[in-house]
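Asker: The structure is given below, and queries will be raised subsequently.
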């Protein structure tokens, strides 16, 4: 539920959510992502970072991405509309 709320706050993730035809017992969309755990974790961190700092861009700290996962993260985020 928390993951859905975080992703739900991010407008670019809406296609991933609305395209989900599978629902859980509460009627919320089930999001299935084919990604390595490290990549998925970094995407979720970014969704939280974006939601947290969108309203205060002046105080926004840099979002760090390990160069060893940057290309894979970019491809995965493009695939999921992040």
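Asker: Output the number of residues of segment 35-69 satisfying the condition of being surrounded by 10 or more Cβ atoms within 10 Å (Cβ to Cβ) and either part of a helix (DSSP H, G or I) or at pLDDT below 90 (or both). Steps first, answer last, please.
Answerer: Within segment 35-69, the first condition is being surrounded by 10 or more Cβ atoms within 10 Å (Cβ to Cβ), and the residues that meet it are 35-36, 38-54, 60, 63, 65, 69.
From the residues that got through so far, the ones that are either part of a helix (DSSP H, G or I) or at pLDDT below 90 (or both) too are 35-36, 38-54.
The total comes to 19.
Asker: Collect the residues in segment 1-34 that are surrounded by fewer than 16 Cβ atoms within 10 Å (Cβ to Cβ), in contact with a strand residue (DSSP E or B) (Cβ under 9 Å, 6 or more places away or on another chain) and at pLDDT 70 or above, keeping them in residue-number order.
Answerer: Selection gives 21, 22, 23, 30.
Asker: Note down all Cβ pairs under 8 Å where the first residue falls in segment 48-68 and is under 23 Å from residue 38 (Cβ atoms), the second is assigned to a loop (DSSP other than H, G, I, E, B), and they're at least six residues apart or on different chains.
Answerer: So the pair list comes out as 49/63; 50/10; 51/10; 53/60; 53/61.
The values are calculated or read from the model by the stated rules, or taken from the named source; none is laboratory data. Nothing here was measured: the structure is a model prediction, and the numbers come from that model. Positions of Cβ are generated from backbone atoms using ideal geometry, with glycine treated the same way; all protein chains shown enter the neighbour counts.
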